[in-house]
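Below: one structure, written as structure tokens.
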Amino acid sequence: MEYFVQQLINGLTLGAVYGLIAIGYTMVYGIIGMINFAHGEIFMIGAFHALIIALGLGITTGTWIPVALVAALVGTMLLTPIYGWALERVAYRPLRGSPRLATLITAIGMSIYLPNQVQLLQGARIKTLPPVLQGGFEIMEGGGFVVTLSYLQILIMVLTVTLMVAFTLIIEKTALGRAQRACEQDRTMAALSGINVDRTIALTFVMGATLASVAGMIFLLRYGVIDFFIGFLVGIKAFTAAVLGGIGSLPGAMLGGFLIGLIEAFWSGYFTVEYKDVAAFSILVLVLIFRPTGLLGKPDIEKV
Amino acid sequence: MTPRPALDVPAILKEAGLTALVMLGLTVGLVGFRIPDGIGASALETRFGAVAMACGLAFAGRIALILLREKRPRRVLFASTAYAVVVALAQAAPVLFSPAATERWITLRPFDSAVVNGMTVVLAAAFALRAAWMEWRHRRFPGIKERDKAMDAMGARVQRATHFFGPALLLVAVILPFLPMVDRRLLDIAVLVVTYIMLGWGLNIVVGLAGLLDLGYVAFYAVGAYSFALLAINFDLGFWICLPLAGMLAATAGILLGFPVLRLRGDYLAIVTLGFGEIIRIILLNWYQFTGGPDGISGIPKPTFFGLEFKRSASDGGETFHQFFDLTYSPVDKIVFIYYVILGLALITNSFSLRIRKLPVGRAWEALREDEIACRSLGINATNTKLTAFAIGAMFGGIAGSFFATRQGFISPESFTFIESAVILAIVVLGGFGSQIGVVIAAILLIGLPEIFRELQDFRMLTFGGAMVLIMVWRPAGLLAHRTPSIRLSDRGGEP
Amino acid sequence: MTDACTHPQTPLLHVEHLTMRFGGLVAADDVSFKAQDRKITAIIGPNGAGKTTLFNCLTGFYAPTSGRLELNHPTRGECLLERMEGHRIARDAGVARTFQNIRLFARMTVLENLIVAQHNRLMRASGFSFLGLLGFKRYVDAETQAVELARYWLDRIGLTERADWEAGNLPYGDQRRLEVARAMCTEPVLLCLDEPAAGLNPRESADLNRLLTFIRDEHSIGLLLIEHDMSVVMGISDHIVVLDYGRKIADGTPRAVRNDPAVIRAYLGDENDEENDNAMPPKVTADPKGGDV
């Protein structure tokens, strides 16, 4: 039981990372109907930015940790979305209206380019952040096993939930959100109604990248180790989350993220750690084959 | 000529300034600082010079673009030519000038990395070319439609030229091992390049003809390699028996994997194939008893020439190649033989693809790529037809994989990562979907060049990714893509 | 080109109680009708009446919620279309179709489009590619035959000169006729045409009419036609089925349907419902495209 609770907590924190990234996949898919394959790399860049700022401020000293954390968070949320914007501008905008295959290939091209750029600039070896937020609450004990809810995990959950609520509000209530939903429905009609479609799409990428950068920061704090290659695997798992939740659906992405996080945590907790990635991939394959609309997605009737 | 409106300098500066600002945002973190490796982080290294340089170049480049847009090519032509020449000289200084002069020239290099400097030179040269075009032809650089038409015409020309050029290329390929400047290293590279040509041709059936984006192609390469290794080691079967068996096993894997997923839409299919590719790799990595896990399988037998081995002395009292033909032993013989094996396999792949395009199944692939719904309404079984493409592509991938296994003598899951799939895909994309000669050119460029110029090695994947993006933006159909009809009614035929 | 003659009492196509629901929306509601051999049966109705849904059920793109779609193939006997997969309907039941928004293989040539349509016969002749790969004569002959059939239809639609053009580069009207020819290359017994005259000018429209009547008279197959262009409908159909909101509201000869009060109401709306702008009365005079046959 205690072990179960611990895995539950771990799974939820992991799910927060996937959920935040999955929102980016789902928003972009909703608005331009393409899989932004390079989105996982934006997450990786977000983690690097956070680490650079954290190390730049030298956060190992005690009382300044909260300040440094906020600085790293704000910094990565400012810098990383520029990559999201540039990605759209360079690789996707020129191809609007081209065959899907072409856009998908540029996306793959970008997802090869970006990690290699980071590798060249930062080196291939792992980068570490000394543990900053230690300690936590011991919430349960039984059979010599202590269930801890660390401060970090609380921080992660609070951050994730706040962001998810904020972004849902943006999409539900603001003019930008309305413009996004209009572009989703019919881009030509949206343009005719005076919506700047290019800007709306660019802002969608920026929003997705902002969330991914936070996910990167969380990943960095949680694991303390990053390298240029983390974007690939985490990206695919987050994409799996988006598909599982129903691609195009925002609540679906969050739900999918938490589910994938939980599945991974329990799989490695109760089965084998080696095959935990196979679990995620298998879910992706199974969902796409048997329920391509995901849990919360709308059915997609074939137009003839 | 009509008088041109004056340039709106503040607006230009604003636009260029914004570009520089974006560049600053992109570079200030990742370029400006370098995180120290490993644990026990010490201070960050800083590289603000490079950031400033990048922003300056972005600023200048944007101004050049605006000037070209406003049809004022002359200044762009001068400035970009000057930049290209100066940086090229600075880079080549150690070869060209005295040590003292070199010292001064080196300060003119914008970045530390020679390759990055080279890239900026290429970019500047592209600007200069564009400007020159505008200056002398008195018109704008062709727009996307004209460009597509021009590129298609080029693709057609290349394809027509292949009729004469192809046999010549083949001849060079055949006599390559005996050319005077070809040494062992070059021959090794040639073997590698031809392997990728074969893989490219195999994947071209799936992606180019049938339009199915397969991101897990390396899975079949892996299945072929492991099947070969396990069959050859455990059952002691010879090279020429294992090869087709491995191909068949890979094709079976293709059918098994393809069956459930081929009804998915294009981009989902891509992701699922990627997932399958990774699943296979993880299984290879963890199924220790069967695959040797991360240690891989070693001691895979080398290919034999009708039972004759390529060794100094034969094992188990047999005869070796050089003994049988009464030659003096040379280790190069083996590589020459291996080269001919892969060349033969690649040629089989090529003639197979060329033939199958003219058969109903090949035409159905292309029709499916164009419009699956229309195909169904014509009574074409879309799933089976796609499955055939998938299986045939997998088979060639598997055969190439077996060849890889026997050549290396050792395989491990590390050789079969997603990157490998991406490289093969890049070759197909760069060459142009469905273009056989395009694959050859792309494989030589993407595999051969980085092997010959080792300095490019680090930048290889970066270039792959970048090239994929640029080519798709430049021409979504692929660089040399041009479709020749599989059948004609009239000999002259064609469009006006 | 089928010689076998069906008995007049067994219709070529018999649709019985077809219902198709999408969630809460009933796109086709208990529709029944018959279509005969050597006859052009037109299905008309205002936008959203369920015409294309009906076609999609017939050609296997949708599985109907309930109902029976019986096709009496002159040589192969009775086929239940609602139980067959999409591609088998074309291959085994001999039902071919065209699409509202033309679906040619745009980057393949005109000739290739017609050859692809003969896929199944060529596939068998090529021994599922194995014999063809080895260059067997049987396949070469079959291909020559396929080209002959294609040439026959090219002559019919006047595209022989442009056989080696990319289909996507043809003018719109030619694309429409090419799509009909492509469907005919599958050698069907029932040809379903989804708005074949949409977007055609009067001359092209008249060409199309001639092509369709030629197919009916010379190839003795049944034609099922969805059309808004009343000049086409009234000019060539032998039988008209009128749908409205997924239900059949009339069924009969063109003259009978034209005077049917229910049909007039569906197109013009009730007298007290003046806001119905989509109205398009089934009168030649009201044809917006000004077609005249």
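The values are calculated or read from the model by the stated rules, or taken from the named source; none is laboratory data. What you are looking at is a predicted structure, and each value in this text was computed from that prediction instead of being measured. Neighbour counts are summed over all protein chains in view; Cβ atoms, including those assigned to glycine, are modelled from backbone coordinates with ideal geometry.
The table below lists the values:
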| read-out | value |
| --- | --- |
| Yes/no for C:ALA63 being aliphatic (A, V, I, L, M), surrounded by fewer than 17 Cβ atoms within 10 Å (Cβ to Cβ) and more than 8 Å from every other protein chain (Cβ to nearest Cβ) | yes |
| In segment A:269-288, residue modelled with the highest pLDDT [restricted to those that are surrounded by fewer than 20 Cβ atoms within 10 Å (Cβ to Cβ) and among the aromatic types (Phe, Trp, Tyr)] | A:TYR270 |
| Count of segment C:114-128 residues which are outside any helix (DSSP H, G or I) and surrounded by fewer than 19 Cβ atoms within 10 Å (Cβ to Cβ) | 2 |
| Test: B:THR320 is at pLDDT below 90, polar (S, T, N, Q) and in contact with an Asp or Glu (Cβ under 7 Å, 6 or more places away or on another chain) | yes |
| Residues being in a helix (DSSP H, G or I) and free of Cβ contacts under 8 Å to residues at least 24 places away in the same chain - total across segment A:13-67 | 6 |
| Of all residues making up segment C:160-175, the number that are assigned to a helix (DSSP H, G or I) and under 12 Å from C:MET108 (Cβ atoms) | 3 |
| Restricting segment A:202-230 to residues that are in a helix (DSSP H, G or I) and at pLDDT below 90, the residue that is surrounded by the most Cβ atoms within 10 Å (Cβ to Cβ) | A:LEU221 |
| Any hit, segment C:85-92, residues being in contact with a strand residue (DSSP E or B) (Cβ under 7 Å, 6 or more places away or on another chain), buried (at least 24 other Cβ atoms within 10 Å of the Cβ) and more than 27 Å from C:ALA250 (Cα to Cα) | yes |
| Count of segment B:361-381 residues which are within 32 Å of the chain's Cα centre (by Cα), facing another protein chain (nearest Cβ under 7 Å) and small (Gly, Ala, Ser) | 2 |
| Spans of helices (runs of 4 or more DSSP H) in segment B:223-342 with at least 1 residues more than 30 Å from the chain's Cα centre (by Cα) | B:239-261, B:288-291, B:321-324 |
| A:THR200 being among the polar types (S, T, N, Q) and either without any contact (Cβ under 8 Å) to a residue 12 or more places away in the chain or within 14 Å of another protein chain (Cβ to nearest Cβ) (or both) | no |
| Strands (runs of 3 or more DSSP E) within segment C:22-95 that include 3 or more residues under 26 Å from B:ALA382 (Cα atoms) and of a type outside the set (Phe, Trp, Tyr) | C:66-73, C:77-80 |
| Total residues in segment A:114-162, condition more than 7 Å from chain B (Cβ to nearest Cβ), out of contact with any strand residue (DSSP E or B) (no Cβ under 8 Å at 6 or more places or on another chain), β-branched (Val, Ile, Thr) and not in a loop (DSSP other than H, G, I, E, B) | 5 |
| Filter result for A:GLY84 (more than 9 Å from every other protein chain (Cβ to nearest Cβ), within 15 Å of A:GLY231 (Cα to Cα) and of a type in the set (Gly, Ala, Ser)) | yes |
| Selection count, segment C:96-109, where residues are part of a loop (DSSP other than H, G, I, E, B) and closer than 16 Å to B:ALA364 by Cα | 6 |
| Count - residues of segment B:131-152 that are modelled with pLDDT of 80 or more and closer than 18 Å to B:GLY432 by Cβ | 0 |
| Boolean, B:LEU212 is in the same structural domain as B:LEU430 (by TED's automatic domain parsing) and surrounded by 21 or more Cβ atoms within 10 Å (Cβ to Cβ) | yes |
| Close pairs (7 angstrom Cβ cut-off, 6 or more residues apart or separate chains): in contact (Cβ under 8 Å) with a residue 24 or more places away in the chain in segment A:119-136, of a type in the set (S, T, N, Q) anywhere | A:PRO130/A:THR60 |
| So C:ARG138, is it within 23 Å of the chain's Cα centre (by Cα), surrounded by fewer than 20 Cβ atoms within 10 Å (Cβ to Cβ), more than 9 Å from chain B (Cβ to nearest Cβ) and part of a helix (DSSP H, G or I) | no |
| A:THR188 being farther than 30 Å from B:ALA422 by Cα, in a helix (DSSP H, G or I) and touching a Pro at 6+ places or on another chain (Cβ under 9 Å) | no |
| Some residue of segment A:40-49 being surrounded by fewer than 24 Cβ atoms within 10 Å (Cβ to Cβ) and either farther than 19 Å from B:GLY465 by Cβ or more than 19 Å from the chain's Cα centre (by Cα) (or both) | no |
| Residues that are touching a Leu at 6+ places or on another chain (Cβ under 7 Å), over 13 Å from B:ASN204 (Cα atoms) and not charged (D, E, K, R), drawn from segment B:386-406 | B:LEU387, B:GLY398, B:ILE399, B:ALA400, B:SER402, B:PHE403 |
| Qualifying residue in segment B:280-292 (condition: on the phi > 0 side of the Ramachandran plot and either within 10 Å of chain A (Cβ to nearest Cβ) or of a type outside the set (Val, Ile, Thr) (or both)) | yes |
| Among the candidates A:GLY84, A:GLY46, residue that is in contact with a Phe, Trp or Tyr (Cβ under 8 Å, 6 or more places away or on another chain) and either of a type in the set (Ser, Thr, Tyr) or within 25 Å of A:GLY123 (Cβ to Cβ) (or both) | A:GLY84 |
| Residues (assigned to a loop (DSSP other than H, G, I, E, B), modelled with pLDDT under 85 and not aliphatic (A, V, I, L, M)) located in segment B:1-59 | B:THR2, B:PRO3, B:ARG4, B:PRO5, B:ASP8, B:PRO36, B:ASP37, B:GLY40, B:SER42 |
| Subset of segment C:74-104 that is away from chain B (no Cβ under 13 Å) and of a type in the set (Asp, Glu) - its residue that is farthest from C:HIS219 (Cα to Cα) | C:GLU82 |
| Residue selected from segment B:452-470 under the condition surrounded by fewer than 18 Cβ atoms within 10 Å (Cβ to Cβ) and touching a helix residue (DSSP H, G or I) at 6+ places or on another chain (Cβ under 6 Å), by the criterion nearest to the other protein chains (Cβ to nearest Cβ) | B:ARG460 |
| Some residue of segment B:424-447 being in contact (Cβ under 8 Å) with a residue 40 or more places away in the chain, over 30 Å from B:LYS358 (Cβ atoms) and not hydroxyl-bearing (Ser, Thr, Tyr) | no |
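Residues are listed down the side, and each one gets a yes or a no for (1) away from chain A (no Cβ under 13 Å); (2) not β-branched (Val, Ile, Thr):
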residue	(1), (2)
B:ALA16	yes, yes
B:LEU21	no, yes
B:LEU26	no, yes
B:ARG34	no, yes
B:VAL51	no, no
